[in-house]
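To keep things clear, I will list the structure first and then write my remarks on it.
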Amino acid sequence: MGLFSGKTALVTGSGAGIGRATALKFAADGANVVVSDIHVDGGEETVSMIHQAGGSAMFQRADVSKAADVAALVAGVVDQYGRLDCAVNNAGIEGTIAPFADQAEANYDAIMGINAKGTYLCMQAEIRHMLAAGGGTIVNLASIAGLIGFPGLSPYVASKHAVIGMTKNAALEYGKSGIRANAVCPGGIDTRMLDSLADQATSGAQSSAQMMDPLHPLGRIGTPQEVANLIVWLSSPEASFMLGAIIPVDGGYVAQ
Ligand code: NAD
């Protein structure tokens, strides 16, 4: 028995990184977890990790930038477990670092298509189900790049500012219907994504920790678990008065 016993949680992009840590924590706290990712191997590995720990989970592949995939994903969750209580829209990409004026159109389209449109499509499908079911929770993965600018990352920054805007709007439109939408804004977190950004920024000369640790007032980057803790708390009844909140989990980055 746990805080989420009898509840179903969906985590997109949970084949790695923050999404995987979130799926593992939901399962440890008693939820049935639907692990979804565009990459089958990572997603199935997350499900195996949950099963080995004695939890309940299934995998369903979906590309969040495709409306048909997203509709099939939410329908699959309801088919399998009968309900969707907690949705975490986590799937995202970082893209290529370049000055604003030099960003390729394809990079903008890919980042906005997954990070912004993908989150929007997932929220629409989740909200339709939650309205019919009488409520639910949504946590979106924004970023400190949704709060401030980062030179070289203009499409990513635009996509994360968009995630914050759609989180606020869904909160205003559906709070009274029992749907609590909130967003988290991680600082540098030790995942493949941060490794890719450090590689690009330093041409492989520095690890993500070497590059990013000193930029955080706490003196280090964060772990996926430290973000998962906030996401799962926001999804729980303990956060029943949290609505439309945009919360940094960033070792003090945006306090600077
Ligand atoms: P990650 O690259 O480790 O994991 C992202 C996962 O999303 C991968 O498993 C990937 O296969 C999946 N994915 C990518 N495109 C997809 C698509 N179209 N459909 C479905 N799944 C897809 O990255 P992460 O660091 O764990 O990032 C998770 C989220 O947190 C992202 O939204 C990211 O922007 C955000 N974030 C990360 C950091 C950080 O420092 N790592 C900081 C702030 C915000």
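Computed quantities for the displayed model
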item: Subset tally (residues that are near the ligand (Cβ under 10 Å from one of its atoms) and either touching a Lys or Arg at 6+ places or on another chain (Cβ under 9 Å) or open to solvent by 40 Å² or more (accessible area, probe 1.4 Å) (or both)) for the range 200-222; result: 1
item: Identity of the residue in the range 75-103, assigned to a loop (DSSP other than H, G, I, E, B), hydrophobic (A, V, I, L, M, F, W, C) and within 15 Å of V157 (Cα to Cα), that ends up nearest to the ligand (Cβ to nearest atom); result: I93
item: Within the range 1-72, strands (runs of 3 or more DSSP E) holding 3 or more residues that are within 11 Å of the ligand (Cβ to nearest atom) and either modelled with pLDDT of 95 or more or of a type in the set (S, T, N, Q) (or both); result: 32-37
item: Filtered residues of the range 147-179 (kept if of a type in the set (S, T, Y), within 15 Å of the ligand (Cβ to nearest atom) and open to solvent by 20 Å² or more (accessible area, probe 1.4 Å)); result: S154, Y156
item: Tabulated pairs, the range 52-70, first farther than 15 Å from T12 by Cβ, second away from the ligand (no atom under 11 Å from the Cβ), C-beta under 6 angstrom, 6+ apart or interchain; result: G55/A27; S56/N32
item: Within the range 195-212, tally of residues that are without any contact (Cβ under 8 Å) to a residue 24 or more places away in the chain, in a helix (DSSP H, G or I) and of a type outside the set (G, A, S); result: 5
item: Residues that are open to solvent by 60 Å² or more (accessible area, probe 1.4 Å) and either of a type in the set (D, E, K, R) or over 18 Å from M166 (Cα atoms) (or both), drawn from the range 98-129; result: P99, F100, A101, D102, E105, A106, Y108, D109, K117, R128
item: Test: residue in the range 180-199 that is over 21 Å from W233 (Cβ atoms), open to solvent by 10 Å² or more (accessible area, probe 1.4 Å), of a type in the set (S, T, Y) and within 16 Å of the ligand (Cβ to nearest atom); result: yes
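The values are calculated or read from the model by the stated rules, or taken from the named source; none is laboratory data. Small disclaimer: the values here were computed from a predicted structure and weren't measured. Note: ideal-geometry Cβ built from the backbone for every residue, glycine included; neighbour counts use all protein chains shown. To get the accessible areas, we keep the full protein, side chains included, count just its heavy atoms, and leave off ligands, DNA and RNA. Shrake-Rupley method; radii C 1.70, N 1.55, O 1.52, S 1.80 Å.
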